[in-house]
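Data block below; observations after.
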Amino acid sequence: MAALISETLPKFTAETLRSAAKQSERCAVVPPQLRQAIETYLQEKEEPHMKRNVLRLSESFNGIKDVNLQLATSTSKELVEDPLKSKESSKRWKIKSSYGDTGLKYREDQTVAYVASRMPAVFSACRRVLSEVRRRVPGFSPRRVLDFGAGTGSAMWAVREVWPQSLERFNLIEPSQSMQRAGQSLIKDLKDLPLIQSYSSIQALTQSINKAEREHDLVIASYVLGEIPSLKDRITIVRQLWDLTRDVLVLVEPGTPHGANIISQMRSHILWKEKRKCRKLEDTPNDASKDFMTLKSDAHIVAPCPHDGACPLDKTGKYCHFVQRLERTTSQRAYKRSKGQPLRGFEDEKFCFIAFRRGRRPRESWPLDGVKFDTLKEQHDKRNPEDFEIDLDDELDSEAEIVPEEEDPISCDSDNTNDVNEDEDGEVSRADLGSGWGRIIYSPQKRGKLVEMDVCRAINREGSEGVFERIVVTKSKNPALHKQAKGSQWGDLWPF
């Protein structure tokens, strides 16, 4: 590792920099409690023709996606970028049909198939997203949580896994009665649960609790917006969820072009809405009310975007998504079909997500401020003559201890989940929410002493604009960053 020469006091050493940038996880394992709950539920149901039901459920998801794709592109662009241009703006945000009337209606057999085939993957994706929120916002410990489109409770299990101590109340919105019953059955043996209340719609929630208790520290909507064919209803729902959010709103969708398009649309709309509110505040004559409202206005993105400007991937033909590998559960191995090949012991869940937080993006110094890295030649020039002396006996002993490891393509390295990154002194290394951290999109290309990465990054300190560019790191110019680049994975951060 190259020596670091600091002109000003740097925030990171080379080791803590690498630790803070690590956001990806290796192969995830479903917790034993959830595994047991799923197996017990499936044994109680004893649903016949399970493989056929799992296949039909997948076809139902594709049918919903096809309906959504029929929406005109021009209407979509107008609705997201400037909704007030529409002649029906006065009626736009009054939803005409509740979620459940417009989305996928789950029958009992479909619910059982969902628990068997999809719930472990959805849980793993949600846990991955929420774990990053916890790392990036270390002081955030939600007490009141709202899960919209809760289904069988995948997100609730993930929230309990990430923040097991702070939860006091969990509100679930799920119109499907079979999904609600399945979720209740899965948690019946759990202890120390927060207060859990289920509702069929947002309207039912707001009518049942007083206005002072409607705001939630964390609101999450996972794998649900894509089931709503109407873009108007979809945006209306997200606006309502944002109004119910006190601090953080998380949206998760499948890692497909359609899922990424939904996330991009919601991203543009929430940022547009808050910027418009800020512009109105600038014209407010009363300074006292302006200061009060400023605290509740504006929004920034916790993850994955390192900036709050227009998405630089929108017109490139590429889409922003990530992947989480997970070890398949017994039910997934039993009921999922493979395409002529033996079913693997793991699967890769592709997902898109975005996490909003209220308030303006914090102004932080960039991670490489005040840091100078040695080139490979400078590093060699600084070596002591003793470094070239080799003890032959020590070398033979070290060679004798090397045992080649056999790779098992089916096994998973699940011990390294990277939930907490610590340096040698035990101090936790975290990447702040400033604009100095870029995001690695897609897998880095590693070729010997050269690494190429596609990175989305901010181009100014305010994080108001971003760019998508290819970063090339070579060992000769920067051995320290080259070592970090070789260890980087899809979804990790990259320092600037």
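The values are calculated or read from the model by the stated rules, or taken from the named source; none is laboratory data. Since we're looking at a predicted model, the values are computed, not measured. Note that we place each Cβ from the backbone using ideal geometry, even for glycine, and neighbour counts take in every protein chain shown. Calculation scope for accessible area: heavy atoms of the full protein, side chains included, ligands and nucleic acids excluded. Shrake-Rupley method; radii C 1.70, N 1.55, O 1.52, S 1.80 Å.
Observations on the model:
- Residues of region 207-250 that turn out to be of a type in the set (Val, Ile, Thr), at pLDDT below 90 and more than 12 Å from Phe148 (Cβ to Cβ), as a count: 1
- Residue pairs whose Cβ atoms lie under 9 Å apart, separated by 6 or more positions or on different chains, with the first residue in region 458-480 and farther than 27 Å from Arg363 by Cα and small (Gly, Ala, Ser) and the second open to solvent by less than 90 Å² (accessible area, probe 1.4 Å) and not in a loop (DSSP other than H, G, I, E, B), are Ser476/Leu376; Ser476/His482.
- Among the numbered conditions (1) part of a loop (DSSP other than H, G, I, E, B); (2) of a type in the set (Val, Ile, Thr); (3) closer than 25 Å to Pro304 by Cβ, the only one that Thr152 does not meet is (3).
A quick yes/no check of all residues on (1) at pLDDT below 90; (2) open to solvent by less than 20 Å² (accessible area, probe 1.4 Å); (3) touching a Leu at 6+ places or on another chain (Cβ under 8 Å); (4) of a type in the set (A, V, I, L, M, F, W, C):
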{"site": "Asp391", "(1), (2), (3), (4)": "yes, no, no, no"}
{"site": "Asp394", "(1), (2), (3), (4)": "yes, no, no, no"}
{"site": "Val403", "(1), (2), (3), (4)": "yes, no, no, yes"}
{"site": "Asp423", "(1), (2), (3), (4)": "yes, no, no, no"}
{"site": "Gly463", "(1), (2), (3), (4)": "yes, yes, no, no"}
{"site": "Val472", "(1), (2), (3), (4)": "no, no, yes, yes"}
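- Residues in region 133-157 that are out of contact with any helix residue (DSSP H, G or I) (no Cβ under 9 Å at 6 or more places or on another chain) and either among the charged types (D, E, K, R) or open to solvent by 10 Å² or more (accessible area, probe 1.4 Å) (or both): Arg136, Pro138, Gly139, Arg143.
- Residues in region 447-461 that are open to solvent by less than 80 Å² (accessible area, probe 1.4 Å) and part of a strand (DSSP E or B): Leu450, Val451, Glu452, Met453, Asp454, Val455, Cys456, Arg457, Ala458.
- Qualifying position, being closer than 23 Å to Lys211 by Cα, among the acidic types (Asp, Glu) and touching a strand residue (DSSP E or B) at 6+ places or on another chain (Cβ under 6 Å), among Asp247, Asp243: Asp247
- Here Asp308, Asp314, Asp287, Asp291 are screened, and the one residue that is closer than 20 Å to Arg246 by Cβ and at pLDDT below 90 is Asp291.
- In the set (1) open to solvent by less than 20 Å² (accessible area, probe 1.4 Å); (2) within 23 Å of the chain's Cα centre (by Cα), the condition left unmet by Pro479 is number (2).
- Only one of Gln203, Gln177 that is farther than 18 Å from Leu249 by Cα and in contact with a Ser or Thr (Cβ under 8 Å, 6 or more places away or on another chain): Gln203
- The condition of being open to solvent by less than 40 Å² (accessible area, probe 1.4 Å), out of contact with any His (no Cβ under 9 Å at 6 or more places or on another chain) and on the phi > 0 side of the Ramachandran plot holds for Gly491.
- Among (1) crowded, with 24+ Cβ neighbours inside 10 Å; (2) closer than 27 Å to Leu433 by Cβ, the one test that Val115 misses: (2)
- Meets criteria (more than 25 Å from Asp308 (Cα to Cα), surrounded by fewer than 10 Cβ atoms within 10 Å (Cβ to Cβ) and at pLDDT below 60) for Asp408: yes
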